[in-house]
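Here the structure is laid out as structure tokens; the discussion comes afterwards.
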Amino acid sequence: MEGSTSAIFLEYKVKNDVNVIGLKKALLKVYEKNSDQILILMSFSKKGFAVLGANAPEGLQDFKTLNGINNLSMPTSQSDIFIWAHSFSKSVMFDFQESAKEILNEFLTLDLEQEGFRYHDSRDLTGFVDGSANPKGDKRMEEVLVPIGENNGNGSFVITQKWVHDLASFHSHKVEEQEKIIGRTKVDSIELEGDAMPKDSHVSSVDLKVDGEAMKIYRRSFPFANAEEKGLFFLGFAKNLQRFDVQLESMLGLSDDGISDRIMDFSIPKTGGYYFAPSVKELLKHL
Ligand code: HEM
Ligand code: MG
């Protein structure tokens, strides 16, 4: 369901002394709302897997607060369970949101509840297309899924971060300058090339290789906007956590070049979590 127009993100902690059988039944009931009209992804932290009595995937860690150069920071708000649902209908999403919360309430404490929407042709609220460099087709699954045959094969590591923008500050720059901040053109999302691409652009910060291997991730972020805040609920998938770590550290100026990402001049992350989304088959075994 790429291009879905409406999303809801729920991050939960498991209540103390939870009735595990009850919790599993409740999660299954929510998961079964998957349909032609709505797609639901369930993912768990290390603690989340432990509560289910399942082995956490190798390499899964909690998101730790990262402190970069120039007082830049990315805080953790690690929860135990992260649920993402999306569809082409705001009405369907509203019904899901209300019923999921009612079903899960008894067992879980809600840390974060965020709605997201598709803005024009999948743009961030800055007006730039978000997702252009995502891996496509078969390549996508290769970059995102733990290989079949390995433990937790066909599952994916997940990052969530709620970013809040200062849009007035971003838009105070001329379009040409905005393009230098992002590293792509605004209207057609064409990557800047050669000397035209600044080292501190967002694309320069996150388009990385480690030992010759491209640190590709698949992004499915959604913008949000209400009276208090406007920003991006950043959602990414990859076959290991290293890819997120390397990108975040680079954004913060912690990698060898010591250059931070200009995107952080006008947007800051308020939350951060790492999860693992098992394949459907594995998930149903756990529930
Ligand atoms: C690319 C926006 C945060 C990873 C992009 C692009 C935009 C964008 C407009 C260029 C178009 C595209 O290829 O999708 C934002 C905004 C953010 C944000 C507004 C938060 C305020 C992040 C974070 C990460 C990240 C936290 C990493 C954890 C990437 C990657 C690319 C990308 C990997 C593709 C780079 C390439 O290979 O060309 N982002 N992004 N972004 N972003 Fe972000
Ligand atoms: Mg850097």
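Just checking, does the range 239-251 include any residue being of a type in the set (D, E, K, R), in contact with a helix residue (DSSP H, G or I) (Cβ under 8 Å, 6 or more places away or on another chain) and at pLDDT 95 or above? Yes: the range 239-251 contains one or more residues that are of a type in the set (D, E, K, R), in contact with a helix residue (DSSP H, G or I) (Cβ under 8 Å, 6 or more places away or on another chain) and at pLDDT 95 or above.
Within the range 248-271, the set of residues being within 9 Å of ligand 1 (Cβ to nearest atom) and within 23 Å of Gly116 (Cα to Cα) comprises Leu248, Ile263, Met264, Phe266, Ser267, Ile268, Pro269.
Please determine, by comparing only the residues of the range 205-246 that are polar (S, T, N, Q) and near ligand 1 (Cβ under 9 Å from one of its atoms), which one is nearest to Val144 (Cα to Cα).
Start the filter on the range 205-246 by keeping residues that are polar (S, T, N, Q), which leaves 205, 221, 226, 240, 242.
Cutting the leftovers down to near ligand 1 (Cβ under 9 Å from one of its atoms) gives us 205, 221.
On the way: Ser205: 20, Ser221: 15 Å.
Ranking the candidates gives Ser221 first.
Of the residues making up the range 237-268, those that are under 21 Å from Ile181 (Cα atoms), among the small types (Gly, Ala, Ser) and either in contact with a strand residue (DSSP E or B) (Cβ under 9 Å, 6 or more places away or on another chain) or part of a helix (DSSP H, G or I) (or both) number 4.
Filter the range 144-201 down to the residues that are among the small types (Gly, Ala, Ser) and either within 13 Å of ligand 1 (Cβ to nearest atom) or in a loop (DSSP other than H, G, I, E, B) (or both), then identify the one that is farthest from Ile259 (Cα to Cα). Write out each step before concluding.
Applying the first criterion (among the small types (Gly, Ala, Ser)) to the range 144-201 yields 149, 153, 155-156, 168-169, 172, 183, 189, 194, 196, 201.
Subset that is either within 13 Å of ligand 1 (Cβ to nearest atom) or in a loop (DSSP other than H, G, I, E, B) (or both): 149, 153, 155, 169, 172, 183, 189, 201.
Working: Gly149: 39, Gly153: 35, Gly155: 33, Ser169: 21, Ser172: 23, Gly183: 15, Ser189: 23, Ser201: 10 Å.
In this case the residue turns out to be Gly149.
Scanning the range 48-74 for residues being polar (S, T, N, Q), part of a loop (DSSP other than H, G, I, E, B) and over 22 Å from the mean Cα position of the chain (by Cα) gives a total of 1. Of the residues screened, Leu41 is not one that is closer than 26 Å to Glu2 by Cα, crowded, with 17+ Cβ neighbours inside 10 Å, at pLDDT 95 or above and in contact with a Pro (Cβ under 7 Å, 6 or more places away or on another chain).
Per the listing Pro223, Pro198, the residue uniquely under 19 Å from Arg123 (Cα atoms), touching a residue at least 40 places away in the same chain (Cβ under 8 Å) and not hydroxyl-bearing (Ser, Thr, Tyr) is Pro223. Per the conditions (1) over 28 Å from Leu10 (Cβ atoms); (2) hydroxyl-bearing (Ser, Thr, Tyr); (3) more than 16 Å from ligand 2 (Cβ to nearest atom), the sole criterion not satisfied by Ser279 is (1). Of the numbered criteria (1) in contact with a Phe, Trp or Tyr (Cβ under 7 Å, 6 or more places away or on another chain); (2) within 16 Å of ligand 2 (Cβ to nearest atom), the one Lys186 fails is (2).
Go through the range 1-47 and give me each residue that's hydroxyl-bearing (Ser, Thr, Tyr) and outside any loop (DSSP other than H, G, I, E, B). Answer for the range 1-47, where residues must be hydroxyl-bearing (Ser, Thr, Tyr) and outside any loop (DSSP other than H, G, I, E, B): Ser6, Tyr12, Tyr31, Ser43. Within the range 219-249, the set of residues being surrounded by fewer than 21 Cβ atoms within 10 Å (Cβ to Cβ), over 19 Å from Leu10 (Cα atoms) and of a type outside the set (D, E, K, R) comprises Ala227, Asn240, Leu241, Gln242, Val246.
Among the residues of the range 1-16, write down those that are among the charged types (D, E, K, R) and at pLDDT 95 or above. Give the steps one after another, and end with the answer.
Filtering the range 1-16 down to residues among the charged types (D, E, K, R) leaves 2, 11, 13, 15.
Scanning the range 1-16 gives Glu11, Lys13, Lys15.
When the residues of the range 134-155 are filtered to those that are surrounded by 18 or more Cβ atoms within 10 Å (Cβ to Cβ) and of a type in the set (A, V, I, L, M), the one that is nearest to Arg243 (Cα to Cα) is Val144. Beta carbons closer than 7 Å, at least 6 apart along the sequence or on distinct chains, pair a first residue in the range 260-287 that is basic (Lys, Arg) with a second that is in a strand (DSSP E or B) for Lys270/Lys162; Lys270/Val164. Checking every residue in the range 262-273 against the condition of being closer than 30 Å to Ala54 by Cα, surrounded by 21 or more Cβ atoms within 10 Å (Cβ to Cβ) and in contact with a Phe, Trp or Tyr (Cβ under 8 Å, 6 or more places away or on another chain) gives at least one match.
The values are calculated or read from the model by the stated rules, or taken from the named source; none is laboratory data. Everything numeric in this text was worked out from a predicted model, so none of it was measured. Every residue, glycine among them, receives a Cβ derived from its backbone with ideal geometry; neighbour counts consider all protein chains shown.
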